[in-house]
Amino acid sequence: MRCFAHGRHAWVLLLCAILVQGCGTFGDGRSDSIRLADGSLFFGSVASNPAVHAALMAQYREWKGTPYQLGGNSKRGIDCSAFVQQTMSTRFNISVPRSTAEQVDVGTQVRQGEMQLGDLVFFRTGYNSRHVGIYMGNGQFLHASTRDGVVVGDLNQTYWRKAFWTVRRVM
């Protein structure tokens, strides 16, 4: 009888180990945790995570009003893709490429109705022009606007609704 109980215990441990290992990554191999700028780890969905929202708000407060400059990458002037790259790197320790053309290929595509905090939102703003920002929830996104610099925009504004292109999840 003792041997049977020990064998059953081993099966339970093996099953737990498999389940724990399965919880460590998404199906595509990405970790289901992100490291925030304060060094803390967040596990699971970022859909309604207050720490992710706080990190995005901190980035907004730090960069608010920084003017737009095509090719810029500093507080003197920054463009949309550099701002996204800086935000993902400094606030979430996530590396994304420098250009919008490259950023639109990272992560996984999600439907507009399934956006979560931290998703990258892309727009076609002209024949060959693209724009990118970071979704903040409630129809808002953080971006470097050509007109107003770093601001929080509203996806429900006619301009952004018409220009909307796609959403990518990198967290």
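The values are calculated or read from the model by the stated rules, or taken from the named source; none is laboratory data. Note that the structure is predicted; figures quoted are calculated from it, not measured. A quick note on method: Cβ atoms are made from the backbone with ideal geometry, for glycine too, and the neighbour counts reach across all protein chains shown.
Within the bounds of segment 125-137, is there any residue that is touching a residue at least 60 places away in the same chain (Cβ under 8 Å) and either touching a strand residue (DSSP E or B) at 6+ places or on another chain (Cβ under 6 Å) or at negative phi (or both)? The answer is yes; a qualifying residue exists. The strands (runs of 3 or more DSSP E) found wholly in segment 52-171 and carrying at least 2 residues that are at pLDDT 95 or above and in contact with a helix residue (DSSP H, G or I) (Cβ under 9 Å, 6 or more places away or on another chain) occupy 120-124, 130-137, 140-145, 149-154, 164-169.
Tell me yes or no: at least one residue of segment 155-164 is surrounded by 15 or more Cβ atoms within 10 Å (Cβ to Cβ) and under 21 Å from residue 74 (Cβ atoms). Looking through segment 155-164, none of the residues is surrounded by 15 or more Cβ atoms within 10 Å (Cβ to Cβ) and under 21 Å from residue 74 (Cβ atoms). Considering segment 125-140, the residues that are surrounded by fewer than 22 Cβ atoms within 10 Å (Cβ to Cβ) and closer than 15 Å to residue 79 by Cα include one that is nearest to the chain's Cα centre (by Cα), namely 130. Suppose we filter segment 57-105 for residues that are among the small types (Gly, Ala, Ser) and over 14 Å from residue 131 (Cβ atoms); how many remain? Residues meeting the conditions: 8.
Do we have any residue at all in segment 94-115 that's in contact (Cβ under 8 Å) with a residue 24 or more places away in the chain, basic (Lys, Arg), more than 23 Å from residue 75 (Cβ to Cβ) and surrounded by 15 or more Cβ atoms within 10 Å (Cβ to Cβ)? Taking every residue of segment 94-115 in turn, none turns out to be in contact (Cβ under 8 Å) with a residue 24 or more places away in the chain, basic (Lys, Arg), more than 23 Å from residue 75 (Cβ to Cβ) and surrounded by 15 or more Cβ atoms within 10 Å (Cβ to Cβ).
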